[in-house]
Amino acid sequence: MTTEIAIVGGGVGGTVTANRLLKRLERELATGAVEITLISDNPKHIYKPTFFYVPFGEKEPEDAERPLADLVNRRVDLIYDRVNMIDTDAKTLDLASNGQFGYDYLVVATGAIPDLESTPGFGPDGDAQHFYDGAAATALRRELADFDEGHLVLSVMGTPHVCPAAPVEFTMLADAEFRERGIRDDVTITYTYPLPRLHSVRPVADWAEPRFEERDIQTQTSFNPETVDNDANVIHSLEGTDLEYDLLVGIPEFRSGDLIQAAGLGEEWMEVDKHTLESDHAADVYGLGDVTNIPTSKAGSVAHYAAGTVVDRIAARVRGHEPRARFAGDTICFLEAGMEEGSHISFDYDTDPVVRDQTEFVHWAKFAYNEMYWLTARGLA
């Protein structure tokens with residue numbers, strides 16, 4: 001009897017998990033005892049951190065894409081389809097075009113998506129810009145290129161959001177670009193955050209505060225946008241504060257997607273044990289990455305590290321052993337400081353975050369990793 005392992009989602013977590021499972025269970029696959037199937041509604045694998053550099057002309061949207069088939073070992077079955085429903089009692093997936101698909105073990109790695117309709121300033125009538133997909137990042141690139149003077153506001157409108165350091169990074173890169181163009185004196189930059197400090201991770205807030213001050217970046221904390229008047233270019237906050245802008249870059253709210261709630265896997269995010277990554281609501285179901293409620297950052301590194309735990313636990317169960325692997329919450333994030341310098345932060349469930357000294361080396365190391373990432377997705381690094 002063949003054990004069917006299904007993975008839903010062709011992003012970082014899903015792709016790394018598929019390739020690592022194949023290596024770990026190579027003997028079982030060779031004999032037909034195990035089959036691994038990756039289901040994705042997109043035939044392309046998207047490495048979303050690349051979009052962050054598009055507004056500054058350092059990357060193109062195409063640099064973020066590779067055919068998923070080029071990254072996944074050919075012995076993994078690929079199905080390009082949308083999962084409409086997960087029946088965790090019957091252990092079946094309802095696919096939009098391919099009917100039902102049965103599984104013995106299921107990994108859900110569907111990520112988080114920007115909820116533009118629910119975020120002030122976005123939607124069909126909004127004029128806020130963002131950089132979380134290729135088209136939006138390209139539009140922001142045009143806006144920045146034409147922006148010679150006025151008030152740029154970077155407003156974090158919802159938390160949690162993916163790539164948690166990105167708002168701080170974008171603000172400092174924008175400052176560096178305006179200085180390089182010789183127009184910084186004609187541009188006011190304001191950064192807003194919904195909490196009483198500059199970032200939810202206190203060491204990042206402490207790191208950013210003096211750097212914002214020395215670069216004359218204005219800040220407003222405890223600022224929660226309620227509405228945006230696109231005609232008057234004014235943000236109205238829940239706290240009763242108004243903030244005018246000429247160019248608004250917003251960090252939108254994110255959500256898990258309707259599949260999680262419909263399947264009974266969580267009320268907001270997929271609810272899993274933070275150490276085993278097993279679903280709180282269904283047997284033999286695992287959650288990976290941004291879609292989950294684990295108490296750490298929604299960052300690609302988390303999905304990468306967590307994939308190892310999921311692979312070890314599934315492999316142990318397939319072979320009839322008691323799983324021992326536990327995820328410790330390992331997280332690492334780069335921090336662009338502008339002016340070709342960068343830092344990084346690392347932490348886990350039991351270790352407080354530490355921001356390292358910024359150097360030119362770290363800046364270029366982040367660029368190098370963006371290229372090396374494609375080896376990571378293949379399970380080679």
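The values are calculated or read from the model by the stated rules, or taken from the named source; none is laboratory data. None of these values were measured; they are calculated from a predicted model. Virtual Cβ from ideal backbone geometry, glycine too; neighbours counted across all protein chains shown. For accessibility, only protein heavy atoms count, side chains too; no ligands or nucleic acids. Shrake-Rupley method; radii C 1.70, N 1.55, O 1.52, S 1.80 Å.
With a cut-off of 8 Å between alpha carbons and a minimum separation of six or more residues, what is the relative contact order of the range 115-254 in percent?
36 percent
Please give me the summed charge of the neighbours of ILE332: other residues whose Cβ is under 15 Å from its Cβ, Lys and Arg +1, Asp and Glu -1.
Value of the local net charge: -2.
In whole Å, largest first, what are the principal axis extents of the Cα atoms in the range 267-346?
Rounded to whole Å, the extents work out to 53, 29, 13 Å.
Kirkwood Rh over Cα pairs of the range 185-344 into Stokes-Einstein at 4 °C, 1.567 mPa s: D in µm²/s?
69 µm²/s
Ignoring any ligand, DNA or RNA, what whole percent of the accessible area of the chain comes from carbon and sulfur when the probe is 1.4 angstrom?
About 44 percent, which is the carbon plus sulfur part of the accessible surface.
Measuring from label point to label point, each 7 Å out along Cα→Cβ, what is the ALA368 to ALA145 span in nm?
So the two model labels end up 3.1 nm from each other.
With every protein chain present, what is the per residue accessible area of the chain (1.4 Å probe, Å²)?
Each residue of the chain exposes 44 Å² on average to a 1.4 Å probe.
When all C-alpha to C-alpha distances in the range 64-144 are sorted into bins of 10 Å, what percent of pairs does each bin hold, rounded to whole numbers?
Here the calculated profile for the range 64-144 is 13, 30, 27, 23, 6, 0.
Hey, quick one: spin label on ASP185, modelled 7 Å out along Cα-Cβ, who in the range 208-228 has an amide N within reach, i.e. under 19 Å?
Counting only backbone N, you get 214-218.
Distance from the Cα centre of the range 126-196 to that of the range 351-367, in angstrom?
21 Å
Starting with the highest mean, order 46-59, 180-193 by the number of other Cβ atoms within 10 Å, averaged over the residues of each peptide.
46-59, 180-193
Please compute one quarter of the surface area of the Cα convex hull for the range 115-254 and express it in square nanometres.
The number I arrive at for the range 115-254 is 7.8 nm².
Multiply the residue gap between ALA96 and GLU268 by 0.36 nm, knock off their C-alpha separation, and tell me the result in nm, one decimal place.
Computed gain between ALA96 and GLU268 is 59.6 nm.
Which entries in the list LYS44/LYS298; LYS59/LYS274; LYS23/LYS274; LYS59/LYS298 go over 27 Å, if you measure between the two C-alpha atoms of each?
LYS59/LYS274
What three numbers, in Å, describe the spread of the alpha carbons of the range 16-101 along their principal axes, ordered from the longest?
The principal-axis extents, from largest down, are 48, 31, 19 Å.
Normalising by the residue count of the chain, find the relative contact order in percent from Cα pairs under 8 Å and 6+ residues apart.
In percent, rounded to a whole number, it is 18.
Quickly rank 249-256, 172-179, 341-348 as a protection proxy: mean count of other C-beta atoms within 10 Å, highest first.
Descending packing order for the listed peptides: 249-256, 172-179, 341-348.
Could you work out the percent of alpha carbon pairs in the range 95-193 separated by over 20 Å, rounded to a whole number?
Of all Cα-Cα pairs in the range 95-193, 51 percent lie more than 20 Å apart.
Please state, to two decimals, what the Cα-based radius of gyration of the chain comes to when divided by 2.2 N^0.38 Å (N = residues).
Rounded to two decimals, the normalised Rg is 1.02.
Calculate the FRET efficiency for ALA328 and SER222 from the Cβ-Cβ distance with a Förster distance of 22 Å, rounded to the nearest 0.05.
E between ALA328 and SER222, to the nearest 0.05, is 0.10.
Can you give me the orientation-averaged projected area of the convex hull built on the Cα atoms of the range 67-110, in nm²?
3.7 nm²
What nm distance separates the two modelled labels at ARG317 and ASP87, each placed 7 Å from Cα along Cα→Cβ?
2.0 nm
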